[in-house]
1. Determine if region 31-50 includes at least one residue that is more than 30 Å from Pro93 (Cα to Cα) and either within 19 Å of the chain's Cα centre (by Cα) or modelled with pLDDT of 95 or more (or both).
2. Quick test for you: out of Val139, Val132, Val100, Val171, pick the one residue that is among the hydrophobic types (A, V, I, L, M, F, W, C), farther than 22 Å from Leu6 by Cβ and touching a Lys or Arg at 6+ places or on another chain (Cβ under 9 Å).
3. Regarding region 89-108, can at least one residue be identified that is open to solvent by 40 Å² or more (accessible area, probe 1.4 Å), aromatic (Phe, Trp, Tyr), in contact with a Ser or Thr (Cβ under 6 Å, 6 or more places away or on another chain) and in contact (Cβ under 8 Å) with a residue 24 or more places away in the chain?
4. Considering only residues that are without any contact (Cβ under 8 Å) to a residue 40 or more places away in the chain and closer than 12 Å to Glu91 by Cβ, look in region 126-160 and name the one that is least open to solvent (accessible area, probe 1.4 Å).
5. Of the conditions (1) open to solvent by 60 Å² or more (accessible area, probe 1.4 Å); (2) among the hydroxyl-bearing types (Ser, Thr, Tyr); (3) over 30 Å from Arg37 (Cβ atoms), Ser174 clears all except one; give me its number.
6. Of the numbered conditions (1) closer than 28 Å to Gly16 by Cβ; (2) open to solvent by 60 Å² or more (accessible area, probe 1.4 Å); (3) among the aromatic types (Phe, Trp, Tyr), Phe82 satisfies every one except a single condition; which is it?
7. Can you tell me which residue in region 67-79 is farthest from Trp25 (Cα to Cα), limited to those that are hydrophobic (A, V, I, L, M, F, W, C) and exposed (fewer than 13 other Cβ atoms within 10 Å of the Cβ)?
8. Kindly establish whether Glu179 is within 20 Å of the chain's Cα centre (by Cα), exposed (fewer than 15 other Cβ atoms within 10 Å of the Cβ) and without any contact (Cβ under 8 Å) to a residue 40 or more places away in the chain.
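The values are calculated or read from the model by the stated rules, or taken from the named source; none is laboratory data. Not measured: the values here are computed from a predicted model. Note that we place each Cβ from the backbone using ideal geometry, even for glycine, and neighbour counts take in every protein chain shown. The protein model used for the area step is the full one, side chains on, heavy atoms only, and it has no ligands, DNA or RNA in it. Shrake-Rupley method; radii C 1.70, N 1.55, O 1.52, S 1.80 Å.
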Amino acid sequence: MSSPLLVLNEVAVAPGKADQVLAEWSALNQKEPVPGRALYRSVEGDNLLEVTPVGDLAELAALTKGWQKLWEGVSADLVTDFRRQLLEFVEAPKDTAEPVPTTRYLQLRHIEVKPREYADYRAWRENTIFDVVRGAAEVTAFLAYHSLVSSEPGVMFVSGFDVAPEEYQAVFTSPRYQEIVQQAGDRFIVGGESGLYTRLYQRADG
């Protein structure tokens, strides 16, 4: 079952240093394991992403100690600081048995929704986005979160899959889904279609 809270922790690594940072990050996580926590590497660059399920806000205090150790170990090999955000579970058109999808690939799909349209957006996505996802065998898990603490407020879809990325992407480049994207941009998304992004990652720690 999906975690009630997720912490996303992402950083850009210096060229040629991703494997080294990833190894140190994994070693630190093994010393202080968190059930369900997973590390991913961007398929489009040298960004690394850690996804940590959190059952209660009180658990965040323990995480900060690990973040400090991580900073001390890898900061010399980074080109950006860590970007962290806390997400709150909303619903799951395709839930996962584990707190976080255990699939080979993970995609983050972010949308900033106009506040006055949020209630209507929730109803609209049930019969559009979620309908497509439920009917797509290529999508293993699709979880809807909303930012609780973030410099990028809005909706975050956490999508897990095991098929080749091009097979998965075909679900979201179909004529029907492109029409859905246009509808969302016209009515619901802050800044139109520019108010959304997608990022794709591959599991890197197992």
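1. So the first thing to find is which residues in region 31-50 are more than 30 Å from Pro93 (Cα to Cα), and the list is 31-32, 46.
From what's left, either within 19 Å of the chain's Cα centre (by Cα) or modelled with pLDDT of 95 or more (or both): 46.
For region 31-50, residues more than 30 Å from Pro93 (Cα to Cα) and either within 19 Å of the chain's Cα centre (by Cα) or modelled with pLDDT of 95 or more (or both): present.
2. Val132
3. Taking every residue of region 89-108 in turn, at least one turns out to be open to solvent by 40 Å² or more (accessible area, probe 1.4 Å), aromatic (Phe, Trp, Tyr), in contact with a Ser or Thr (Cβ under 6 Å, 6 or more places away or on another chain) and in contact (Cβ under 8 Å) with a residue 24 or more places away in the chain.
4. Of region 126-160, the ones without any contact (Cβ under 8 Å) to a residue 40 or more places away in the chain are 126-127, 130-131, 135-138.
Next, from what is left, pick out any that are closer than 12 Å to Glu91 by Cβ: 126, 130.
Values: Glu126: 65, Phe130: 1 Å².
Applying the filter and picking the extreme gives Phe130.
5. It is condition (1) that Ser174 fails.
6. The single condition Phe82 does not satisfy is (2).
7. Pass one, region 67-79, residues hydrophobic (A, V, I, L, M, F, W, C): 67, 70-71, 74, 76, 78-79.
Retained after the next criterion (residues that are exposed (fewer than 13 other Cβ atoms within 10 Å of the Cβ)): 76, 79.
Working: Ala76: 13, Val79: 16 Å.
Per the criteria, the residue is Val79.
8. no
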